[in-house]
Amino acid sequence: MEASQAWQATLGQLQMELPKATYDTWVRDTKFIKHQDETFFIGVQNTYARDWLENRLTSTASRLLTGIMDGPQQITFVLQSHEEPVINREETEEDFTPISNSEAQGNFNYRYSFSNFVVGPNNRLAHAASQAVAENPANAYNPLFLYGGVGLGKTHLLHAIGNEITRRGLNVLYGSSEEFTNDLINAIRKHDTSSFRDRYRKIDVLLIDDIHFIAGKESTQEEFFHTFNTLHGQNKQIVISSDRPPKAMVTLEERLRSRFEWGLIVDIQPPELETRLAILRSKAEKAGRQVDNDILEYIARQIQSNIRELEGALTRVLAYSDLSGRPLDIDLAKIALVDFLPDIGTPDPEQILETVAKAFNLSHEELLSRNRSKSIALPRQVAMYLLREIGNESLPQIGETLGGRDHTTVMYACEKVADMLERDDHFRRQVFQIRDQLYSHQVYA
Ligand SMILES: Nc1ncnc2c1ncn2[C@@H]1O[C@H](COP(=O)(O)OP(=O)(O)OP(=O)(O)O)[C@@H](O)[C@H]1O
């Protein structure tokens, strides 16, 4: 029992550390089988997953398990043969699965529904537009273009639309733009582009996740352009998600960009505190756990910009309590989250200053200067906030880093920025973008 929970905790950690596509593709469906002689036996669904996990994840997962179990642990990935799918990729017809009515529920993630999507000011419009499209495809907004930062619910909404539309008896095709690209490449290799086209163009609704991966890929854009035109011309619904608006997709062909802008473009912002709390409450409830408000609030204050991380943090706190047998209180939550991001590493102060200065179009010198004009003072305060929040610097250290300022000035700046983050959507988005940039340097360095 304890070992299976340790695996759950490890999954929570991996979910936070790995890019989403990687986690979903290779890790999400693994299953704890048994723990014997300090070895975790983890079931995987096919040989691809086993090879990938063995090569890429053995050492990280063993390290995490060793930390959790308090002693060296090994890991062995075991093929669960009854779930072995078609293996010969050359002969696999459909990487990108069309969803027929009868199998609909099985192909969309039933966990991603409208009913369990928590609505707040940050995502209200995206939720309403998605619902309108699900209820009235090709009549409400076509295409619907959803964009927002990492882990803010874009995939969740796409699946909710897919679940809903298939219930209405329509054929839906869902996949990421990377899958679209891979399918296209395979079709070209097999000299079989006509069945690729049939597959993509004989459907009622196309849901494409993470379209930003198409940027810079000319022939994929070309093919997608024709797919888009055919479907749109036949009054079929298209829903697209992206991490940025069409205008910000620099290497996107103009004719595709203008088509993305035909319908409705809606963004999802990072959630404010109340929404984060509501999400945590709903997740705890679903897990059948009673968690005090102060703990949920503590987690919600720590994790501000990514709902996947928010879920991971809750999973981690619950697992810590289960594993240690300690009551679920605020001290335990602090311990559980203390090394929440250590594997990602801490951006160094210079990097933080540089990133903030760049984001606000200032020079390094201006940021450190005594100039009090708002356009410089606010970025300076953001730098102080980030040095404290993610650089883990003390107040006096931050004062020093920013050209010899008093620690009370720094404290005031941190409080002001924290307050503004809760009130001002635009500002929150800006600051979180800087934060994401800093972390993505760390993660992918
Ligand atoms: N408003 C919400 N209510 C409940 N759960 C949410 C909400 N928004 C996101 N989530 C959950 O957060 C997790 C991450 O969401 P999702 O995968 O949809 O993000 P995403 O925007 O597609 O991220 P990425 O940019 O990495 O593809 C999912 O488990 C999802 O169910």
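The values are calculated or read from the model by the stated rules, or taken from the named source; none is laboratory data. Quick caveat: nothing in here was measured; it's all calculated off a predicted structure. Don't worry about glycine lacking a Cβ; one is built from the backbone with ideal geometry, like all the others, and counts go over all protein chains shown. Heavy atoms of the whole protein, side chains included, go into the accessibility calculation; ligands, DNA and RNA do not. Shrake-Rupley method; radii C 1.70, N 1.55, O 1.52, S 1.80 Å.
Things worth noting here:
- Ranked by the mean number of other Cβ atoms within 10 Å of their residues, highest first, the peptides 329-335, 428-434 come out as 428-434, 329-335.
- For the chain: accessible area per residue (Å², 1.4 Å): 47 Å²
- Of the residues Gln80, Val250, Ala3, the one whose Cα sits farthest toward the positive end of the charge dipole of the chain, with +1 on the Cβ of Lys and Arg and -1 on the Cβ of Asp and Glu, is Val250.
- Shape call, the chain: gyration tensor on alpha carbons, a/c limit 1.5: oblate
- Computed from Cα atoms alone, the Kirkwood hydrodynamic radius reported for the stretch 114-267 is 15.5 Å.
- Using a probe of 1.4 Å on the protein chains alone, the accessible area found for Thr409 is around 60 Å².
- The order of Tyr110, Tyr385, Tyr141 by accessible area, most exposed first and with a 1.4 Å probe, is Tyr110, Tyr141, Tyr385.
- About its Cα centre, the dipole of the chain is roughly 1020 debye, where the only charges are +1 on Lys and Arg Cβ and -1 on Asp and Glu Cβ.
- Only Lys, Arg (+1) and Asp, Glu (-1) charged, at Cβ; the stretch 114-267 dipole about Cα centre in debye: 240 debye
- Linear extension gain, Ser324 paired with Asn136, 0.36 nm per residue minus alpha-carbon span: 62.7 nm
- Charge context of Gln73, other residues only, Cβ under 14 angstrom, K/R +1, D/E -1: -2
- Surface composition of the chain: carbon and sulfur make up 48 percent of the accessible area, probe 1.4 Å.
- Furthest towards positive pole of dipole, Gly71, Phe40, Gly12, structure part the stretch 3-79, Cβ charges: Gly12
- Signed unit charges on C-beta, dipole axis of the chain, positive-most listed residue Gly169, Ile352, Asn306: Gly169
- Measuring with a 1.4 angstrom probe and ignoring ligands and nucleic acids, Phe360 comes out at about 40 Å² accessible.
- Square roots of five times the Cα gyration tensor eigenvalues for the stretch 3-79, Å: 18, 14, 10
- Anisotropy class of the stretch 349-444 from Cα gyration tensor, a/c 1.5 cut: rounded
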